[in-house]
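The values are calculated or read from the model by the stated rules, or taken from the named source; none is laboratory data. Here the structure is a predicted model, which is why all the values come from computation and not from measurement. As a convention, Cβ positions derive from the backbone with ideal geometry for all residues, glycine included, and neighbour counts pool all protein chains shown.
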Amino acid sequence: MAPSRTIFVAGAGIGGLTASLALARKGFRAVVLEKAEKLEEAGAGLQLSPNASRILVELGLEPRLAGRAVVPESINIMSARAGGEICRLPVGEAATFRAGAPYWVVHRADLQAALLAQVEVTPDVELRLGCQFEDVTKHARGLTVVQRRGLTRQQDVANALIGADGIWSSVRSHLFPEVQPQFSGLIAWRGTLEATALPREYTSSRVQLWMGPNAHLVAYPISGGRQVNVVAIVGGTWNRPGWSSPGDANEIKQFFASARWPATARMLASAVDEWKRWALFTLPDDEWHEGQIALLGDAAHAMLPFAAQGAGMAIEDAAVLAKCLSEGASDADGIAASLKKYARQRRGRVARVKRLARRQGSIYHMSGPMAVARDLYIRVMGGRRMLSRQDWIYDWRLS
């Protein structure tokens with residue numbers, strides 16, 4: 001393969017596929033390496049605020065997500081201590097008009113399928129399934145990227161390599177072997193329900209966030225409203241890698257069965273028959289690039305999900321990365337300078353979002369007098385003012 005304007009992307013998740021499409025729009029040829037033989041459903045729901053959905057719309061994804069992505073009317077903040085709703089953030093059509101892009105809730109598999117369909121009709125993107133990044137070496141012509149498919153090894157010359165292969169990134173391990181994911185002490189339990197299995201009042205187009213002592217619960221519609229995504233965050237010591245380890249439904253049901261959780265929250269937790277566990281890991285704020293190799297999304301900055309911005313930051317990364325590469329020179333020094341610029345432009349914003357996510361997790365899990373003060377503050381602020389506190393995230397645009 002000719003190296004001219006060829007970028008290899010390791011990982012065909014949300015960030016990797018978005019990056020490949022963004023690079024193709026800027027005139028690059030993107031080759032995506034994915035170790036899985038087939039892109040299968042992983043995780044469950046995602047919240048995509050306007051900063052992320054705006055980029056997906058520009059990449060042509062909106063028609064492919066029609067009938068799948070849901071625009072919720074509101075984010076309803078619920079307090080276990082107070083027994084119900086204390087605030088409602090309006091994120092529906094009016095907010096969409098103001099932001100110029102929608103607030104979407106979507107099944108991760110639906111978004112990945114839409115990205116994959118777009119990749120398949122984009123001539124300058126090649127997806128290699130069952131093909132794993134193995135090694136990379138630098139030389140005068142750029143990089144040689146070594147891949148493995150079964151027992152077969154293949155080498156290609158490229159201008160750059162982007163590691164979008166998640167928190168357990170092989171590319172990051174190659175660049176910075178000393179940087180290791182850190183377990184947060186929190187576990188996300190994920191499950192889905194058919195909307196028809198719940199009373200109608202529990203399936204309206206809204207995001208429900210239940211805050212409680214040492215835990216919180218989130219529920220919202222996905223798959224065009226046909227399913228409800230439920231996520232429970234609790235503390236624990238179980239910390240195996242992966243998105244979809246089976247969880248004992250009785251364990252999480254018993255946790256929320258306490259009288260300290262109102263009936264609606266208890267019902268949501270007990271209605272899910274099959275739970276998957278995801279131990280929450282984060283990464284320290286370390287380097288994102290070295291020469292012609294850079295990291296993107298969770299591979300660079302895995303964060304807690306409490307700002308609902310993990311996927312959003314990966315999508316933003318992809319857009320900024322493609323723009324920086326398109327504006328730089330195509331020789332080795334130019335590519336390295338472009339990736340340095342990309343990292344410099346992203347680090348401050350992502351670090352701020354990471355801090356927000358950590359802080360919000362602590363706020364959600366307050367108990368006693370702190371929870372009383374929290375609930376009173378949120379009530380006094382009101383939904384519109386609470387929503388405006390997110391403007392710095394939602395109003396972001398590619399400059």
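Tabulated data
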item: 2 or more residues free of Cβ contacts under 8 Å to residues at least 40 places away in the same chain, closer than 27 Å to Ser388 by Cβ and not aliphatic (A, V, I, L, M): qualifying helices (runs of 4 or more DSSP H) within region 34-100; result: 93-99
item: The listed residue being surrounded by fewer than 16 Cβ atoms within 10 Å (Cβ to Cβ), in contact with a helix residue (DSSP H, G or I) (Cβ under 8 Å, 6 or more places away or on another chain) and over 29 Å from Ser205 (Cα atoms), out of Glu274, Glu287; result: Glu287
item: One residue from Thr196, Thr192 being free of Cβ contacts under 8 Å to residues at least 40 places away in the same chain and either among the β-branched types (Val, Ile, Thr) or closer than 14 Å to Trp278 by Cβ (or both); result: Thr196
item: Any chance Pro241 is out of contact with any helix residue (DSSP H, G or I) (no Cβ under 9 Å at 6 or more places or on another chain) and either under 30 Å from Ala336 (Cβ atoms) or in a strand (DSSP E or B) (or both); result: no
item: Residues being among the charged types (D, E, K, R) and either under 12 Å from Gly212 (Cβ atoms) or part of a helix (DSSP H, G or I) (or both) - total across region 259-273; result: 2
item: Selected residue (only one of Arg141, Arg81, Arg88 is out of contact with any helix residue (DSSP H, G or I) (no Cβ under 8 Å at 6 or more places or on another chain) and not small (Gly, Ala, Ser)); result: Arg141
item: Residue within region 13-29 that is in contact with a helix residue (DSSP H, G or I) (Cβ under 7 Å, 6 or more places away or on another chain), outside any strand (DSSP E or B) and modelled with pLDDT under 95 present; result: no
item: Single residue of region 123-148 satisfying the filter (surrounded by 16 or more Cβ atoms within 10 Å (Cβ to Cβ) and touching a Gly at 6+ places or on another chain (Cβ under 9 Å)) that is farthest from Gln292 (Cα to Cα); result: Asp124
item: Residue within region 155-166 that is acidic (Asp, Glu) and touching a Gly at 6+ places or on another chain (Cβ under 9 Å) present; result: yes
item: Filter result for the condition that a residue is closer than 22 Å to Ala319 by Cα and either surrounded by fewer than 24 Cβ atoms within 10 Å (Cβ to Cβ) or not hydrophobic (A, V, I, L, M, F, W, C) (or both), over Gly84, Gly67, Gly60, Gly92; result: Gly60
item: So Trp210, is it touching a residue at least 60 places away in the same chain (Cβ under 8 Å), more than 16 Å from Ala44 (Cβ to Cβ) and in contact with a Leu (Cβ under 9 Å, 6 or more places away or on another chain); result: yes
item: Any hit, region 326-338, residues being in contact with a Phe, Trp or Tyr (Cβ under 9 Å, 6 or more places away or on another chain), surrounded by fewer than 18 Cβ atoms within 10 Å (Cβ to Cβ) and under 27 Å from Ile14 (Cβ atoms); result: yes
item: Checklist (1) more than 30 Å from Lys340 (Cβ to Cβ); (2) acidic (Asp, Glu); (3) in contact (Cβ under 8 Å) with a residue 12 or more places away in the chain applied to Asp286, failing item; result: (1)
item: Residue match in region 336-357 (condition: of a type outside the set (S, T, N, Q), assigned to a helix (DSSP H, G or I), more than 25 Å from the chain's Cα centre (by Cα) and under 17 Å from His289 (Cβ atoms)); result: yes
item: Exclusive hit being in contact with a strand residue (DSSP E or B) (Cβ under 9 Å, 6 or more places away or on another chain) and among the basic types (Lys, Arg), set Arg352, Arg358, Arg346; result: Arg358
